Amino acid sequence: MQDDAYDLPEAPSDDEESKLYRIRHSTAHVLAQAVQRLWPHARLAGGPPVKDGFYYDIEIDDHTLSEEDFAQLEKTMKRIVKENQPFEMTTWPREKIIAHYQRTDQVYKLDLLERIIPDPEVGICQNPQKGSDDVWFDMCRGPHVPRTGQCKHFKLLRVSGAYWRGQSDQPMLQRVYGTAWKTREQLDTYLHRLEEAKKRDHRKLGRDLDLFMFHDWAPGAPFWLPKGEDLYHTLARRMRDLLVQGGYQPVRTPLVFDSALFETSGHWEHYRENMYHFDERHAAHGHGEAAHTQAQAHGDNDQGGRQLGLKPMNCPCHMLIFKHKKRSYRDLPLRIHDQGVLHRNELSGTLSGLTRVRQFSQDDAHIFCTQEQIAAEVEALLHLIDKVYRAFDMPVALKLSTRPAEKLGSDELWDAAEDALRQALDATGRPYEIKEGDGAFYGPKIDFDVYDALERTHQCATVQLDFQLPRRFDLSYVGADNQPHVPVVIHRAVFGSFERFIGILIEHYAGAFPVWLAPEQVRVMTVSERSEAHGEGVLRALKSAGIKATADLSDAKIGYKIRECHNQKVPYMLIIGERERDEGTVSVRSRDDGDLGAMPVEDFLTRVVAESLPPF
């Protein structure tokens, strides 16, 4: 979370994006002014522009904002827009603004001044009121549009809770989200897309299609129901098979580790608060002198043992696998694939369906290679990622993130790593964006923005170079010169987490999965009891061919059966009456192509088997 509108990120350099940024930034001020017109004692925190809109965090002692307030808020905002107030930038002496905020009880603005604004002169954006000496103002450094009249294409969207400074021990504020655009047409298009997104919400569809569930007794961990488990298994198995064909070696590693593993990797220092960890219980008297000595070495006592943690990622485990035996340059590249379960202690307020969970698995892999092999390995990964996402009809945009200001390792190593990634990207002939200074502290990376059916972007796949972790674990291989060398590690994922990726796919397909991925591919439905035997024979034939088929042989009316099948978004329904029984056919209805008419069972089998083959 940005601390406030004063501490905004730099405005985009792209002219079109910059205009939207200014409009949204300015509209956030219009919202804040409207709030204080309606609730004069409201305390303001901050309101930055964000992707597709803006928000403002607010505290009102005697009122909890809800969407029922939006009509009144928007009416007041439109009045401010119609007043066409100028946005004027100026500065105030620090003492003056502190005195004002103390007098008006703006505790969050005072907190910002104390923590992040050391300047003796503070940036102020003020809006003079037409026909009055009143001036509404906010701490801000800009940029804005010239006047509020340019903020007229907006809509308030929702309100939620947000901890001040993003910390759970701080007060809970009310965050009002909105969107703003240059034209009415752009606003209408965006709002239509939001409505479509609501229909596709994976949480709703997951419930309607009986894919997964959640329970308060397991917060942040999905229960995969039979159809959802089938979907999960199909993706996991296909990715595993694809990687094995590409020379990867699947492994499975423990869930619980001594904290020493994460101390070595650096996660204990930098990531501990996001991990589940606990004391090991032990009984020193029952394990002899050696166990007692080991317990003392780890700082154990009779009440507790070593510090243990559930692994939040697989990379430290794979360092141990590499190190467990002597390696030669002839063994490289060594590609290790792991779909093990991971846990991260996410704040309860950040949990969101499948897209933010506490327990998940990744299509994770680490490639141990020489520096000379980096370009070829990365180029192969780029082709792999393209191949996979083409199968889902999801375009991909590439971003190269270079060294940050705070980094580990020498400039020579960073030069070599960034050059290797550039060479691999250039070899594809694909355009890519350079994100200066946005790399991980241990190495540069390539991120992939995946576009879904609503043209929303999701960061799923990633390729990251790491020169640091192998050194922290003292990894080496014997080179052709018979001397030890440190390998380079490539962290990579294609789907990312299965949970999040399935959530994205549910919304991308609106629950109507392609035949190869659908957990139920065909449903056989009989018109009456007289066609039941033929229906059972068709079901057996489908299952023998490896098709995921079910049958509805109940005495319910066929119209009801068809509606139920349609609601479950099954790709094919086979309707079997007396004519189909007598002729040995099936009447085929396709979810996507409508009524296909009657056809011999064998012809339909040929069709559905072909469509069941994975496209990657």
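Scanning for something on the phi < 0 side of the Ramachandran plot, in contact (Cβ under 8 Å) with a residue 40 or more places away in the chain, among the hydrophobic types (A, V, I, L, M, F, W, C) and not assigned by TED's automatic domain parsing to the domain that holds Leu342, does the stretch 172-179 turn up at least one residue?
yes
What number of residues within the stretch 318-365 satisfy the criterion of being in contact with a Pro (Cβ under 9 Å, 6 or more places away or on another chain) and among the β-branched types (Val, Ile, Thr)?
2
Can you name every residue in the stretch 438-453 that is of a type outside the set (Ser, Thr, Tyr), at pLDDT 90 or above and part of a strand (DSSP E or B)?
Taking the stretch 438-453 first, the residues of a type outside the set (Ser, Thr, Tyr) are 438-441, 443-450, 452-453.
In the following step, the residues that additionally are at pLDDT 90 or above were identified as 444-450, 452-453.
Listed by number, the residues that qualify are Lys445, Ile446, Asp447, Phe448, Asp449, Val450.
Residues in the stretch 208-241 that are more than 15 Å from Leu354 (Cβ to Cβ) and hydroxyl-bearing (Ser, Thr, Tyr): how many?
So the count comes out to 1.
If a residue has to be out of contact with any Ser or Thr (no Cβ under 7 Å at 6 or more places or on another chain) and either within 17 Å of Tyr560 (Cα to Cα) or buried (at least 21 other Cβ atoms within 10 Å of the Cβ) (or both) to count, how many in the stretch 525-538 make the cut? Spell out the reasoning first.
Of all residues in the stretch 525-538, those out of contact with any Ser or Thr (no Cβ under 7 Å at 6 or more places or on another chain) come to 525-531, 533-534, 536-538.
In the following step, the residues that additionally are either within 17 Å of Tyr560 (Cα to Cα) or buried (at least 21 other Cβ atoms within 10 Å of the Cβ) (or both) were identified as 525-529, 531, 534, 538.
Selection size over the stretch 525-538: 8.
Filter the stretch 401-437 down to residues that are of a type in the set (D, E, K, R) and closer than 18 Å to His383 by Cβ and give me whichever is modelled with the lowest pLDDT.
By that ranking, first place goes to Arg430.
Checking Asn345 against (1) of a type outside the set (Val, Ile, Thr); (2) in a strand (DSSP E or B); (3) at pLDDT below 95; (4) in the same structural domain as His485 (by TED's automatic domain parsing), which single condition isn't satisfied?
(2)
For Ser26, all conditions in the list (1) crowded, with 21+ Cβ neighbours inside 10 Å; (2) among the hydroxyl-bearing types (Ser, Thr, Tyr); (3) touching a strand residue (DSSP E or B) at 6+ places or on another chain (Cβ under 7 Å) hold save one; what is the number of the exception?
Ser26 satisfies all of (1) crowded, with 21+ Cβ neighbours inside 10 Å; (2) among the hydroxyl-bearing types (Ser, Thr, Tyr); (3) touching a strand residue (DSSP E or B) at 6+ places or on another chain (Cβ under 7 Å) except (3).
For Tyr509, indicate whether it is surrounded by fewer than 21 Cβ atoms within 10 Å (Cβ to Cβ) and free of Cβ contacts under 8 Å to residues at least 12 places away in the same chain. Even if it seems obvious, please write down each step before you answer.
Values: surrounded by fewer than 21 Cβ atoms within 10 Å (Cβ to Cβ): yes; free of Cβ contacts under 8 Å to residues at least 12 places away in the same chain: no.
In short, no.
Take the residues of the stretch 466-499 that are of a type in the set (Gly, Ala, Ser) and part of a loop (DSSP other than H, G, I, E, B): which is nearest to Gly439 (Cα to Cα)?
Filtering the stretch 466-499 for residues that are of a type in the set (Gly, Ala, Ser) and part of a loop (DSSP other than H, G, I, E, B), the one nearest to Gly439 (Cα to Cα) comes out as Ser476.
Which numbered condition trips up Met394, out of (1) out of contact with any helix residue (DSSP H, G or I) (no Cβ under 9 Å at 6 or more places or on another chain); (2) outside any helix (DSSP H, G or I); (3) under 30 Å from Trp516 (Cβ atoms)?
It is condition (1) that Met394 fails.
Working only within the stretch 159-204, note down all residues that are basic (Lys, Arg) and touching a helix residue (DSSP H, G or I) at 6+ places or on another chain (Cβ under 6 Å).
Of the stretch 159-204, the ones basic (Lys, Arg) are 165, 175, 182, 184, 193, 198-200, 203-204.
Once the filter is applied, which keeps residues that are basic (Lys, Arg) and touching a helix residue (DSSP H, G or I) at 6+ places or on another chain (Cβ under 6 Å), the stretch 159-204 yields only Arg200.
Among the candidates Tyr389, Tyr329, which residue alone is in contact (Cβ under 8 Å) with a residue 60 or more places away in the chain, over 30 Å from His485 (Cα atoms), among the aromatic types (Phe, Trp, Tyr) and in the same structural domain as Leu475 (by TED's automatic domain parsing)?
Tyr389
Of (1) free of Cβ contacts under 8 Å to residues at least 24 places away in the same chain; (2) assigned by TED's automatic domain parsing to the domain that holds Leu110; (3) assigned to a loop (DSSP other than H, G, I, E, B), Asp216 satisfies all except one. Which?
Against the list (1) free of Cβ contacts under 8 Å to residues at least 24 places away in the same chain; (2) assigned by TED's automatic domain parsing to the domain that holds Leu110; (3) assigned to a loop (DSSP other than H, G, I, E, B), Asp216 comes up short only on (2).
For the stretch 226-278, enumerate the residues that are part of a helix (DSSP H, G or I), under 24 Å from the mean Cα position of the chain (by Cα) and among the aliphatic types (A, V, I, L, M).
Those that are part of a helix (DSSP H, G or I), under 24 Å from the mean Cα position of the chain (by Cα) and among the aliphatic types (A, V, I, L, M): Leu231, Leu235, Ala236, Met239, Leu242, Leu243.
Can you pull out the strands (runs of 3 or more DSSP E) entirely within the stretch 74-180 that have at least 2 residues that are buried (at least 16 other Cβ atoms within 10 Å of the Cβ)? Full working, then the answer.
Numbers: elements: 88-93, 121-128, 135-139, 154-163, 172-180.
Answer list for the stretch 74-180: 121-128, 135-139, 154-163, 172-180.
Residue by residue, here is whether (1) in contact with a Pro (Cβ under 6 Å, 6 or more places away or on another chain); (2) surrounded by 16 or more Cβ atoms within 10 Å (Cβ to Cβ) holds:
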site: Glu436; (1), (2): no, no
site: Asp447; (1), (2): no, yes
site: Tyr451; (1), (2): yes, yes
site: Cys460; (1), (2): no, yes
site: Leu465; (1), (2): yes, yes
site: Phe473; (1), (2): no, yes
site: Val488; (1), (2): no, yes
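When both residues are 6+ apart or on different chains and their Cβ atoms are under 7 Å apart, which pairs have a first residue that lies in the stretch 132-147 and is over 15 Å from Ala45 (Cα atoms), and a second that is surrounded by 16 or more Cβ atoms within 10 Å (Cβ to Cβ) and of a type in the set (Lys, Arg)?
Pro143/Arg22; His144/Arg22; Val145/Arg22
Taking Ala71 and the conditions (1) under 34 Å from the mean Cα position of the chain (by Cα); (2) outside any loop (DSSP other than H, G, I, E, B); (3) modelled with pLDDT under 95; (4) of a type in the set (A, V, I, L, M, F, W, C), which numbered condition does it fall short on, given that it satisfies the others?
Result: Ala71 fails condition (3) only.
Specify which of the listed residues (Lys204, Lys199) is out of contact with any strand residue (DSSP E or B) (no Cβ under 9 Å at 6 or more places or on another chain), within 30 Å of Asn274 (Cα to Cα) and either part of a helix (DSSP H, G or I) or without any contact (Cβ under 8 Å) to a residue 60 or more places away in the chain (or both).
Lys204
How many residues does the stretch 37-56 hold that are assigned to a loop (DSSP other than H, G, I, E, B) and either among the β-branched types (Val, Ile, Thr) or at positive phi (or both)? Walk me through it before giving the result.
Start the filter on the stretch 37-56 by keeping residues that are assigned to a loop (DSSP other than H, G, I, E, B), which leaves 39-42, 45-48, 51-52.
In the following step, the residues that additionally are either among the β-branched types (Val, Ile, Thr) or at positive phi (or both) were identified as 52.
Of the residues in the stretch 37-56, 1 are assigned to a loop (DSSP other than H, G, I, E, B) and either among the β-branched types (Val, Ile, Thr) or at positive phi (or both).
The values are calculated or read from the model by the stated rules, or taken from the named source; none is laboratory data. Please read these numbers as outputs of a predicted model, since none were measured by experiment. Cβ atoms come from the backbone with ideal geometry, glycine included; neighbour counts cover every protein chain shown.
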